[in-house]
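Below is one structure; the comments refer to it alone.
The values are calculated or read from the model by the stated rules, or taken from the named source; none is laboratory data. All values reported here derive from a predicted model rather than from experimental measurement. Cβ coordinates were reconstructed from backbone atoms using ideal geometry, including for glycine residues, and neighbour counts include every protein chain displayed. These area figures cover heavy atoms from the full protein model, side chains too; ligands, DNA and RNA do not enter into them. Shrake-Rupley method; radii C 1.70, N 1.55, O 1.52, S 1.80 Å.
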Amino acid sequence: MDEVTVKVLTIIIISIPLIAAFICERISQIRMSKRQKDTLEDLQQKLSKLEKLISQNERGVYKRIDENRQLLELLIRETPDLFKTHGWIRGWFKSLDKYLLALSHEAKLSEYESGIRVRPYPNVPGDPTPHKD
């Protein structure tokens with residue numbers, strides 16, 4: 001073989017692994033991009049389902065807030081001594097109310113758009129710190 005042929009073959013032999021490595025890296029990038037796209041689509045679907053759950057399931061979070069407050073009003077009216085003997089009930093209702101309000105706030109839901117009029121949080125006997133809506 002002449003010198004030029006040897007140089008060409010050497011270049012080809014050295015280039016093949018580099019080209020193969022480049023192709024493998026590119027295939028890996030494409031696969032990663034597809035996985036990220038699939039993951040993004042999955043996350044968007046999950047977010048959409050969560051938004052629907054918060055805003056619509058069982059008539060939505062504002063309905064849940066209002067009904068819990070209605071139940072609390074009933075307990076205050078019909079069994080006022082209950083809060084003296086079971087003070088933890090105050091904290092449970094207050095905690096649930098704060099949680100549901102925070103959930104609606106983070107989900108960027110509006111009481112007005114929900115079509116539900118949420119009653120104010122009632123004054124609970126023995127509660128030293130009034131609840132804020």
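Tabulated data for the structure shown
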quantity: Qualifying residue in region 95-103 (condition: among the basic types (K, R), surrounded by 11 or more Cβ atoms within 10 Å (Cβ to Cβ) and in a helix (DSSP H, G or I)); calculated: yes
quantity: Verdict on K108 being in a loop (DSSP other than H, G, I, E, B), open to solvent by 80 Å² or more (accessible area, probe 1.4 Å), within 26 Å of K46 (Cβ to Cβ) and of a type in the set (D, E, K, R); calculated: yes
quantity: Within region 25-77, considering residues that are acidic (D, E) and under 23 Å from S95 (Cβ atoms), the one modelled with the lowest pLDDT; calculated: E58
quantity: Residue list for region 55-74, restricted to those being buried (at least 19 other Cβ atoms within 10 Å of the Cβ) and of a type in the set (A, V, I, L, M, F, W, C); calculated: V61, I65, L72
quantity: Among the candidates P80, P125, P120, residue that is assigned to a loop (DSSP other than H, G, I, E, B), open to solvent by less than 100 Å² (accessible area, probe 1.4 Å) and at pLDDT 85 or above; calculated: P120
quantity: Single condition T39 does not satisfy, out of (1) exposed (fewer than 11 other Cβ atoms within 10 Å of the Cβ); (2) in contact (Cβ under 8 Å) with a residue 12 or more places away in the chain; calculated: (2)
quantity: Of all residues making up region 99-119, the number that are under 14 Å from the mean Cα position of the chain (by Cα) and among the basic types (K, R); calculated: 1
quantity: Long-range neighbours under 6 Å by Cβ, at least six apart or interchain, first residue more than 23 Å from L74 (Cα to Cα) within region 98-119, second among the aliphatic types (A, V, I, L, M) and outside any loop (DSSP other than H, G, I, E, B); calculated: L103/V61; S104/V61; A107/I54
quantity: Pair list, Cβ under 6 Å, 6 or more apart: region 46-58 residue under 14 Å from L100 (Cα atoms), other residue at pLDDT 85 or above; calculated: I54/V61
